[in-house]
Amino acid sequence: MHLSRRRFLHRSALASATLLTAPMILRHSALGADNPILIGSLHDQSGPIAASGVPMVHALQLAADEINAAGGLIGRPVKIVHYDTQSNIQMYSQYAQQLALKDKVAVVHGGITSASREAVRPTFDRFKVLYFYNVLYEGGVCDRNTFCTGTTPAQTVEKLVPAAMKKAGKKVYIIAADYNYGQITAKWMTKYVKDNGGEVASIDFFPLDVTNFGPTISKIQAAKPDLILSALVGGNHTAFYRQWTSAGMKGQIPIASTTFGLVNEPTTLDAAESENILGAYGYFEELDTPASKSFVEKIKKAHPDTPYISELAAATYEGAQLWAEGVRKAGSIDRAKVVDALESGLSFAGPTGTATLDHATHHTTRNAFLAEVKDRKWSVLESFPDVKPLDTASVCDLVKNPADNKQYVISF
Amino acid sequence: MDIYIIVALDVINGTASLFLLCLGLAIIFGMMKIINLAHGEFIMLGAYATVISANAGVNIWIAMLVVAPLFVGLVGLVVERCLIRFLYGRLVDSMLATWGLSLLIIGIVTTIFGNTIQGVPTPLGGFSIGAYRSSYYTLFLLAMAIIMMALVYAVMRYTRFGLIARATMQNPAMANTLGVNPARVYMTTFAAGAAITGLAGGLLAPVSGVTPVMGGAYVAKAFITVVGGGAAILSGTLSAATLFGAINQIGAYLTTPVYGEVIVFTSAIILIRLLPQGISGRFFKGNL
């Protein structure tokens, strides 16, 4: 067969036109009704923070499975697009862009440390992807595109400090991790200590790779406080509790913490090392309610090797469910419509009790619990129903200033 | 007054731990010129060997003093045979290869044991000095550092193996012509260095949180100590560990742990600027 040059050009043009349009047809069908709604997940599955991230992914998966078992959302199943951020802030930025631009997800749940949240939040703002941060943190994020479902200091630290001071005394020594979470939480601790008529003997910050707490333990002894408040984070900092006990200080000065036991410290430390440490969170695995028990059971059944299931996992599950409620109410995955629906005071009854989204702050009003380590388990002492995120509410009002977008830091 | 004794114990603790952490590296880096970036992971493996065996019912002292060094020594042997022996004399290549190795070890341990924090309780108790308290474990670490120092000195100075090892490190070709097999000496030395590092990891397990990534907290300090110490294994490591251990602990006590770290790294930079050959290059020439 003879092909003239003109005909050949014509045919190639046709062929390439077909090739070019083909992806559009494919993409069009990808928007079809039967195709899944994509949920982005950015959680550390490896590296130092992975012990926190693993149960969170399991909880997110559980929420997705339940949504699908109930027939999906607006007639479509949901599907998780997960990236392991490897405890590396650079990976957060990279995968956040990928989720927004390549995967085009409807929502992203993720971020564990405050540093990782602040790394990805601008990306999701810029590319207009709804973002859920489901971790207890230092409070103050005021951003219409972001929902923070974990507890903030006004919900937990405010309960923890007076309870601990009542038991121990007024002179407090604060030790905290040296990054934004520890720095800001230490400010809140200082505030609540002063509010309750106490004094702060000293505040020490520790880089995350500090393993030797000898000099600090000596300093604490020299300062003779009645109580230690700890916001230490991660595996290296666990060494503090060990070295404290081995110096024979355990039982001499009580410890209350805003971070202890979020991972699996009570089970890995010896009973003598963790006994009587006080903590306050939005959730404890030991919580004795039917909803909590069935939540733990479901996760453990699907993933028998899940580490301790703390507020991180519970709030992730509830965050995903709250988002699903928003989509149901909006009848769409359009970001603006879902945000409007979420702002209408939606609530979800989950393992922690009822969590209600607050329009003004995009935080949740939720239950808080005070607990004490007894024989390597948390024993829940007291519950505080429907605690409001008052810290953030005092600085953030998205009803009045919907365009506000920053993290407020407490100042004295 | 009591507080000075307590701070002195802190300094002893810091120095002894640093010395134990660096000794294996000093042997591998100081003698063989292999930059072992997997040093932190050898420490981590030692800690894991201790925690896993202690939790399985092995006596904690046996787990620390026998299981950890034996296991990591074995790992070192395999690593030397499969990886390091191809890289002698290639400084940069050895860095890259051992860095990859460290990532591999972290990955394997994470896969097997997960990312959770592990640990064993600290044996021995505490004691009081006036109104202050400290732990017997500090004194035990000091004793272990002294024993290891004596042991390495004795092996290097008085045994036939020590003589051959030192000769091989100084001039492998000459040693070879005298009937020594350098490959075997290298292998044994590397395994010994790994075993000592494993022992350090085992000894630190009861006072730290044991995770797959714990090695990262130690490797930088170990390197500045060994480089600051210079070529002589024992005198260099000991002097540098004493210097940096004391600076770190006293700095952290007087200021905050953040500045404690900054002061150590700053003084390391100044030290290496003033003494490019390390402390031992200037003051302990020709010593072990």
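The values are calculated or read from the model by the stated rules, or taken from the named source; none is laboratory data. These numbers come from a predicted model, not from an experiment. Neighbour counts run over all protein chains shown; Cβ positions are idealised from the backbone, glycine included. Ligands, DNA and RNA are excluded from the accessible area calculation, which covers all protein heavy atoms including side chains. Shrake-Rupley method; radii C 1.70, N 1.55, O 1.52, S 1.80 Å.
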Within the stretch A:357-369, track down each residue that is in contact with a helix residue (DSSP H, G or I) (Cβ under 9 Å, 6 or more places away or on another chain) and either closer than 20 Å to A:N264 by Cβ or open to solvent by 10 Å² or more (accessible area, probe 1.4 Å) (or both). A:D358, A:H359, A:A360, A:F369
Scanning the stretch B:1-54 residue by residue, the ones that are farther than 24 Å from B:A183 by Cα, of a type in the set (F, W, Y) and open to solvent by 10 Å² or more (accessible area, probe 1.4 Å) total 1
Kindly indicate whether A:E318 is in contact with a Leu (Cβ under 8 Å, 6 or more places away or on another chain), in contact (Cβ under 8 Å) with a residue 40 or more places away in the chain and open to solvent by less than 50 Å² (accessible area, probe 1.4 Å). no
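To keep it simple, each residue is scored yes or no on (1) of a type in the set (G, A, S); (2) over 17 Å from the mean Cα position of the chain (by Cα).
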position	(1), (2)
B:I129	no, yes
B:Y132	no, yes
B:M149	no, no
B:L178	no, yes
B:P182	no, yes
B:A192	yes, no
B:A195	yes, no
B:G198	yes, no
List every residue pair whose Cβ atoms lie under 8 Å apart, where the two residues are 6 or more positions apart in sequence or sit on different chains, the first residue falls within the stretch A:265-278 and is more than 12 Å from chain B (Cβ to nearest Cβ), and the second residue, located anywhere, is open to solvent by less than 10 Å² (accessible area, probe 1.4 Å) and assigned to a loop (DSSP other than H, G, I, E, B). A:I277/A:F260; A:I277/A:G261
Suppose we filter the stretch A:286-304 for residues that are open to solvent by less than 40 Å² (accessible area, probe 1.4 Å) and of a type outside the set (G, A, S); how many remain? 4
Quick check on the stretch B:140-156. Is at least one of its residues touching a Lys or Arg at 6+ places or on another chain (Cβ under 8 Å), open to solvent by less than 30 Å² (accessible area, probe 1.4 Å) and part of a helix (DSSP H, G or I)? yes
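Which residues, taken from the stretch A:303-328, are charged (D, E, K, R) and touching a Ser or Thr at 6+ places or on another chain (Cβ under 7 Å)? Show your work before the answer.
Residues of the stretch A:303-328 charged (D, E, K, R): A:305, A:311, A:318, A:325, A:328.
Correct list: A:E311, A:E318.
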Working carefully through the options B:I117, B:I147, find the one that is of a type in the set (V, I, T) and more than 7 Å from every other protein chain (Cβ to nearest Cβ). B:I147
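Scan the stretch B:204-231 for residues that are farther than 29 Å from B:V51 by Cβ and open to solvent by less than 10 Å² (accessible area, probe 1.4 Å) and jot them down. I'd like the intermediate steps shown before the answer.
In the first step, residues of the stretch B:204-231 are kept if they are farther than 29 Å from B:V51 by Cβ; the result is B:227-231.
Result: B:G228, B:G229.
When you scan the stretch B:120-129, do you find a residue that is among the polar types (S, T, N, Q), within 14 Å of another protein chain (Cβ to nearest Cβ) and surrounded by fewer than 19 Cβ atoms within 10 Å (Cβ to Cβ), even just one?
In the first step, residues of the stretch B:120-129 are kept if they are among the polar types (S, T, N, Q); the result is B:122, B:128.
Add one more test, that the residue is within 14 Å of another protein chain (Cβ to nearest Cβ), and what stays is B:122, B:128.
Going one step further and asking which of them are surrounded by fewer than 19 Cβ atoms within 10 Å (Cβ to Cβ), we end up with B:128.
Yes, the stretch B:120-129 contains a residue that is among the polar types (S, T, N, Q), within 14 Å of another protein chain (Cβ to nearest Cβ) and surrounded by fewer than 19 Cβ atoms within 10 Å (Cβ to Cβ).
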Identity of the residue in the stretch B:71-86, open to solvent by 20 Å² or more (accessible area, probe 1.4 Å) and in contact (Cβ under 8 Å) with a residue 12 or more places away in the chain, that ends up farthest from B:A49 (Cα to Cα): B:R85
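Any residue at all in the stretch B:44-59 that is away from every other protein chain (no Cβ under 14 Å), among the aliphatic types (A, V, I, L, M) and not in a helix (DSSP H, G or I)?
Pass one, the stretch B:44-59, residues away from every other protein chain (no Cβ under 14 Å): B:45-46, B:49, B:53, B:56-59.
Adding the requirement that they be among the aliphatic types (A, V, I, L, M) leaves B:45, B:49, B:56, B:58.
This time we only want the ones that are not in a helix (DSSP H, G or I), so: B:56, B:58.
Yes, the stretch B:44-59 contains at least one residue that is away from every other protein chain (no Cβ under 14 Å), among the aliphatic types (A, V, I, L, M) and not in a helix (DSSP H, G or I).
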Which residue is nearest to B:P206 (Cα to Cα), if the candidates are limited to the stretch B:98-119 and must be aliphatic (A, V, I, L, M) and open to solvent by less than 30 Å² (accessible area, probe 1.4 Å)? B:I117
I need a count of the residues in the stretch A:226-248 that are open to solvent by 10 Å² or more (accessible area, probe 1.4 Å), facing chain B (nearest Cβ under 7 Å) and out of contact with any Ser or Thr (no Cβ under 6 Å at 6 or more places or on another chain). 3
Which of the residues that make up the stretch B:239-278 are free of Cβ contacts under 8 Å to residues at least 12 places away in the same chain, within 11 Å of chain A (Cβ to nearest Cβ) and among the β-branched types (V, I, T)? B:T255, B:T256, B:V258, B:V262
